[in-house]
Amino acid sequence: MTTVIKNGTIVTADLTYKADVLIEGGQIIEIGQGLKGDEVLDATGCYVMPGGIDPHTHLEMPFMGTYSSDDFDSGTRAALSGGTTMVVDFALPSPGQGLLDALQMWDNKSTRAHCDYSFHMAVTWWGEQVFNEMETVVKERGINTFKHFMAYKGALMVNDDEMYASFNRLAELGGIAMVHAENGDVVAELTAKLLAAGNNGPEAHAYSRPPQVEGEATNRAIMIADMAGVPLYVVHTSCEESHEAIRRAKQAGKRVWGEPLIQHLTLDDSEYSHPDWDHAARRVMSPPFRNKQHQDSLWAGLQSGSLSVVATDHCAFTTDQKRYGVGDFSKIPNGTGGLEDRMPMLWTYGVNTGRLTPNEFVAVTSTNIAKIMNMYPKKGAVLVGADADLVVWDPEKSKTITAGNQVSAIDYNVFEGKEVKGLPRFTLTRGHVAVHDGELRSQEGHGKFVAREPNSSVSRALSTWKELTSPRPVQRTGIPATGV
Ligand code: URP
Ligand code: ZN
Ligand code: ZN
Ligand code: ZN
């Protein structure tokens, strides 16, 4: 059984051209003119692009006394309906829990996935067990990216010495360090001060995490990664202070990437002034939404290449869950959704406004992610031999985003009422047509784990450079006798 996508324009990170795509056994087997297949998908007027990869999701994650409400079933269905064909979720050990133990939990949950997925590992505490298991996770479990929380003091946060030890271990193993960059000590102090002053509404969540705390932590993480000689990926980069640190590091030749979220690019901090408590609380996430100047900085970063990818940090909580924090903003579960909306929102606010070219759109939603995470060109490519994770994108198709029609399991949408133009006509996951003209035909359990090897070309280049420039003793002749 073969499938052919006919009459479309292929858009990759670096090329735009007219050709048909032939698929068999879940992979692209031919790209060319006048191809024939058993099943024909008409892409007239459409772009044929690599399916989106969301590098940052939290599906059914235990967090702040509850579980995020989209699981690998609803979450990956939501992804596919918006043109995303792969998610990378975080396996999150609770403090004291082993990495392999946590991975077993994520293996169990992910059997329901409708699209392919991979995992990052989180380092939420430090000890010999974590040090030892990191090797197994990298070498036997196909995970090369490890996240460190510099915030969530008393829960997930790790200190500088722990981060330095973990980064060193990753450098040895050929992995990549990731950070949630906010100064957790200062956030904890500001939170206590705000609450003591009676500032307990959702807006105070944003007051407790100003851009400076993110900028400081980003600079600190970059320095520690540089000392350890490991590439660094900064998740949910939300502000100029953090972007500036990343931009400066890149210009200095450091291997650092920044990941803005579609929420931070398109929603601002005025959401927290909304008179409705639920409206504001539903938008509580860390880092919080920022003002328009920060948004402009993030867009400029994507345009110039100082920021590399666009994610969602999809971590969806229902209104009832958000209400755990009535009377105390620090108990509002942190997180927002976006899996279903990332691609249409970025196309609408990026490509349709002229901020991004279609090729840049593909780069930041798919190809750059696959390259950084070392799964290119299996993922993120329209090439013979690549997985047929594809989206046939109709630039004329439009809709109004509303929770009433969404796939995500929660009862609201932070993008409610936004008009988007640019939506999938077809979404294919390893050749299976999961979205067919607006109809979801995905299959539970179709998704497979994607193993990612360590020692990507960037890791190898960095370790070569660090070895070449490492401190060496000066060879001297005639060393004087000791003075005693
Ligand atoms: O508020 C957020 N971002 N929730 C998800 C967990 C995290 O920090 O990434
Ligand atoms: Zn985070
Ligand atoms: Zn996250
Ligand atoms: Zn299938």
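General remarks:
- Of all residues making up region 244-275, the number that are of a type outside the set (S, T, N, Q) and either within 21 Å of Cys315 (Cβ to Cβ) or within 16 Å of ligand 4 (Cβ to nearest atom) (or both): 14
- Scanning region 122-137 turns up no residue that is polar (S, T, N, Q), within 15 Å of ligand 3 (Cβ to nearest atom), touching a strand residue (DSSP E or B) at 6+ places or on another chain (Cβ under 9 Å) and assigned to a strand (DSSP E or B).
- Checking Asn374, Asn368 one by one, the residue that is more than 16 Å from ligand 4 (Cβ to nearest atom), part of a helix (DSSP H, G or I) and touching a residue at least 12 places away in the same chain (Cβ under 8 Å) is Asn368 and no other.
- Test result for Val450, in contact with a strand residue (DSSP E or B) (Cβ under 6 Å, 6 or more places away or on another chain), surrounded by 13 or more Cβ atoms within 10 Å (Cβ to Cβ) and among the aliphatic types (A, V, I, L, M): yes
- Elements of type strands (runs of 3 or more DSSP E) in region 1-112, at least 1 residues being among the hydroxyl-bearing types (Ser, Thr, Tyr): 2-6, 9-11, 16-18, 47-50, 52-57, 84-91
- Per-region count, region 351-366, residues more than 14 Å from Thr84 (Cβ to Cβ) and within 18 Å of the chain's Cα centre (by Cα): 2
- Scanning region 244-256 for residues that are out of contact with any helix residue (DSSP H, G or I) (no Cβ under 6 Å at 6 or more places or on another chain) and either within 20 Å of Met343 (Cβ to Cβ) or crowded, with 24+ Cβ neighbours inside 10 Å (or both) yields a count of 1.
- Residue that is farthest from ligand 3 (Cβ to nearest atom) [pool: residues in region 422-447 that are surrounded by 16 or more Cβ atoms within 10 Å (Cβ to Cβ) and not in a strand (DSSP E or B)]: Gly431
- Residue check for Val326: among the hydrophobic types (A, V, I, L, M, F, W, C) and either modelled with pLDDT under 95 or more than 16 Å from ligand 1 (Cβ to nearest atom) (or both): yes
- Scanning region 138-168 for residues that are in contact (Cβ under 8 Å) with a residue 40 or more places away in the chain, surrounded by fewer than 19 Cβ atoms within 10 Å (Cβ to Cβ) and more than 16 Å from ligand 3 (Cβ to nearest atom) yields a total of 5.
- So Thr66, is it surrounded by fewer than 24 Cβ atoms within 10 Å (Cβ to Cβ) and within 30 Å of Tyr324 (Cα to Cα): yes
- Residue that is nearest to Lys379 (Cα to Cα), among those in region 443-474 that are over 20 Å from the mean Cα position of the chain (by Cα) and within 16 Å of ligand 4 (Cβ to nearest atom): His446
- All conditions in (1) under 15 Å from the mean Cα position of the chain (by Cα); (2) in a helix (DSSP H, G or I) hold for Gly380, with the sole exception of (2).
- Scanning region 401-412 for residues that are more than 26 Å from Pro50 (Cα to Cα), out of contact with any strand residue (DSSP E or B) (no Cβ under 7 Å at 6 or more places or on another chain), within 16 Å of ligand 1 (Cβ to nearest atom) and among the aliphatic types (A, V, I, L, M) turns up at least one hit.
- Within region 1-58, the set of residues being more than 18 Å from Gly431 (Cβ to Cβ) and either within 16 Å of ligand 4 (Cβ to nearest atom) or modelled with pLDDT under 95 (or both) is empty.
- Single residue of Asp38, Asp71, Asp54 found to be under 19 Å from Lys109 (Cα atoms), of a type in the set (Asp, Glu) and over 16 Å from the mean Cα position of the chain (by Cα): Asp71
- Filter pass, Ser286 being among the hydroxyl-bearing types (Ser, Thr, Tyr) and part of a helix (DSSP H, G or I): no
- Any hit, region 170-177, residues being part of a strand (DSSP E or B), in contact (Cβ under 8 Å) with a residue 12 or more places away in the chain, within 16 Å of ligand 1 (Cβ to nearest atom) and touching a Leu at 6+ places or on another chain (Cβ under 9 Å): yes
- Some residue of region 276-289 being β-branched (Val, Ile, Thr) and more than 24 Å from Ser330 (Cα to Cα): no
- Residue in region 73-81 that is over 20 Å from Ile143 (Cα atoms), at pLDDT 95 or above and of a type in the set (D, E, K, R) present: yes
- Pairs, first aromatic (Phe, Trp, Tyr) in region 229-248, second within 12 Å of ligand 3 (Cβ to nearest atom) and at pLDDT 95 or above, C-beta under 8 Å, six or more apart: Tyr233/Met178; Tyr233/Val179; Tyr233/Glu259
The values are calculated or read from the model by the stated rules, or taken from the named source; none is laboratory data. Note that this is a predicted model, so its numbers are computed, not measured. No Cβ is skipped: glycine too gets one built from the backbone with ideal geometry, and neighbour counts run over all protein chains shown.
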